[in-house]
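Novice: Encoded as structure tokens, here's the structure I'll be asking about.
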Amino acid sequence: MGEHSDALSLDALLQGWDGEEIVLRRDHATGATIIIAVHSTRLGLAGGGTRVKTYPSVEDAIRDAQRLAEGMTYKFAAAQLARGGGKAVIAIPPNLDAAARDDLLRRYGALIHQLGGLFSCGADVGTSDRDMDVIAETGAPYVFGRTPENGGAGDPSPATAIGVFSGIKTTCERLFGSDDLAGRRVVVQGVGKVGYPLLRLLRDAGAELTCGDVDTAAVERARAEMGVTVVAPDAVYDIECDIFSPCALSAILNSETIPRLRCRAVAGSANNQLATPEDVDRLRAREIVYAPDFVVNSGGAIYLIGREVLGWSEQATLDHIATSVRETLKQVYALSDEQGIATSVAAEHVARQRIDNPSEQA
Ligand code: PHE
């Protein structure tokens with residue numbers, strides 16, 4: 001889908017990105033390619049997740065790292081955290097075995113260590129808190145989100161879900177004048193690390209839930225535990241609902257899917273939901289409210305920084321996440337109304353303003 005960039009040359013990739021630096025390493029033992037993209041260190045040294053995935057080409061992987069790193073810059077800025085944006089992508093060959101994967105992660109950790117703090121990593125799609133333990137063997141102290149047994153704050157995904165939940169409530173308030181979710185219909189795409197705990201929060205709030213995922217065991221578990229309606233992975237776009245919540249893939253809002261949507265708003269955790277910047281205009285033309293991804297999904301980043309850098313308590317951090325997402329999203333909606341601009345553009349304005357006024361950062 002939209003994630004595949006058409007035969008982009010390295011030159012075009014570098015021309016088309018306003019980030020600071022890319023560290024590129026071929027791991028000959030596995031055939032993997034490690035890409036660390038540092039988008040901006042204006043607010044501080046860079047931080048970001050580690051995405052481990054198989055890509056059609058190295059160029060696609062670089063493009064993904066660039067876009068994800070840019071998203072992290074905006075995410076930290078919008079959340080008023082004094083961090084720069086970066087992202088690591090490890091493009092692996094299919095069927096990499098577990099032992100080889102661990103060794104690869106250790107070499108990745110050594111690379112992070114070598115960078116001396118320029119980039120601190122955490123988990124993302126394809127990595128877990130256990131992986132962070134392995135990376136920290138060689139990458140310490142530049143690793144966020146190790147397991148609690150190893151002294152880390154653990155998997156930040158449940159905290160991300162709390163932020164998404166807050167974003168959904170705030171968006172319902174905008175649409176319906178009330179943030180009460182009782183009876184609201186929500187479709188969740190992806191019931192993984194964030195989608196699953198999000199479903200629980202929505203269920204407890206009385207929402208009517210539908211979900212889809214290629215992982216049939218995961219959706220079955222959700223159905224058994226919560227009685228949610230399960231649809232085929234590709235059918236999520238066609239379901240009539242109040243909120244469509246993408247919690248799986250990038251670039252799912254594109255020229256093919258947007259005409260199919262039957263929701264009032266989109267608010268989910270996936271990074272880089274818009275395939276292209278123009279896709280937000282397609283949503284606007286259909287009067288679908290778009291809650292910008294890097295605002296809605298900032299809970300995980302806030303959690304890791306709050307717990308591991310700022311020394312906040314668990315409860316204080318979770319409370320801060322809900323408040324931060326709500327207040328930033330309200331500001332974004334207000335700016336979008338005032339200036340008649342798309343919400344994604346408004347969110348970038350809010351983030352840029354915070355980058356230019358770093359004294360306001362936590
Ligand atoms: N990967 C998650 C995100 O995109 C969590 C994360 C945040 C990991 C910050 C490391 C640093 O927000």
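Novice: Can you list residue pairs whose Cβ atoms sit under 7 Å apart, with the first residue in region 138-160 being more than 22 Å from A79 (Cβ to Cβ) and the second being near the ligand (Cβ under 10 Å from one of its atoms)? Count only pairs 6 or more apart in sequence or on different chains.
Specialist: Going by the 7 Å Cβ cut-off, the qualifying pairs are G139/C121.
Novice: Just give me the residues in region 240-260 being surrounded by 19 or more Cβ atoms within 10 Å (Cβ to Cβ) and among the hydrophobic types (A, V, I, L, M, F, W, C), in sequence order.
Specialist: C241, I243, F244, C247, A248, A251, I252, L253, I258
Novice: Out of T50, T54, report the one residue that is within 12 Å of the ligand (Cβ to nearest atom) and polar (S, T, N, Q).
Specialist: That would be T50, the only listed residue that is within 12 Å of the ligand (Cβ to nearest atom) and polar (S, T, N, Q).
Novice: Restricting to region 253-275, count the residues that are in a loop (DSSP other than H, G, I, E, B) and either aromatic (F, W, Y) or farther than 24 Å from V194 by Cα (or both).
Specialist: Residues in region 253-275 being in a loop (DSSP other than H, G, I, E, B) and either aromatic (F, W, Y) or farther than 24 Å from V194 by Cα (or both): 2 in total.
Novice: Give the residue, chosen from I112, I90, that is assigned to a strand (DSSP E or B), within 14 Å of the ligand (Cβ to nearest atom) and assigned by TED's automatic domain parsing to the domain that holds R26.
Specialist: I90
Novice: Still on this structure, please answer the following. For P358, all conditions in the list (1) surrounded by fewer than 19 Cβ atoms within 10 Å (Cβ to Cβ); (2) in contact (Cβ under 8 Å) with a residue 60 or more places away in the chain; (3) within 23 Å of K169 (Cβ to Cβ) hold save one; what is the number of the exception?
Specialist: That leaves (3) as the condition not met.
Novice: Starting from region 313-329, keep only residues that are buried (at least 20 other Cβ atoms within 10 Å of the Cβ) and hydroxyl-bearing (S, T, Y), then list their pairs with residues that are outside any helix (DSSP H, G or I) and modelled with pLDDT of 95 or more whose Cβ atoms are within a distance under 8 Å, requiring at least 6 positions of separation or different chains.
Specialist: Every condition considered, the pairs that remain are S324/A79; S324/Q80; S324/S298; T328/A79; T328/S298.
Novice: Quick check on my filter: what residues within region 206-227 are at negative phi and surrounded by fewer than 18 Cβ atoms within 10 Å (Cβ to Cβ)?
Specialist: Once the filter is applied, which keeps residues that are at negative phi and surrounded by fewer than 18 Cβ atoms within 10 Å (Cβ to Cβ), region 206-227 yields E208, V214, D215, T216, A217, A218, E220, R221, R223, A224, E225, M226.
Novice: Show the residue pairs meeting these rules: Cβ distance below 7 Å; 6+ apart or different chains; first residue within region 1-25 and farther than 28 Å from L43 by Cβ; second residue at pLDDT 85 or above and among the aliphatic types (A, V, I, L, M).
Specialist: M1/A251; G2/A251; G2/A275
Novice: Looking only at residues in region 289-311 that are within 11 Å of the chain's Cα centre (by Cα) and hydrophobic (A, V, I, L, M, F, W, C), which one is nearest to the ligand (Cβ to nearest atom)?
Specialist: A301
Novice: Hey, does region 21-34 have a residue that's within 16 Å of the ligand (Cβ to nearest atom), in a strand (DSSP E or B), over 15 Å from D124 (Cα atoms) and in contact with a Leu (Cβ under 9 Å, 6 or more places away or on another chain)?
Specialist: no
The values are calculated or read from the model by the stated rules, or taken from the named source; none is laboratory data. Predicted model only: the values in this text are computed from it and were never measured. Don't worry about glycine lacking a Cβ; one is built from the backbone with ideal geometry, like all the others, and counts go over all protein chains shown.
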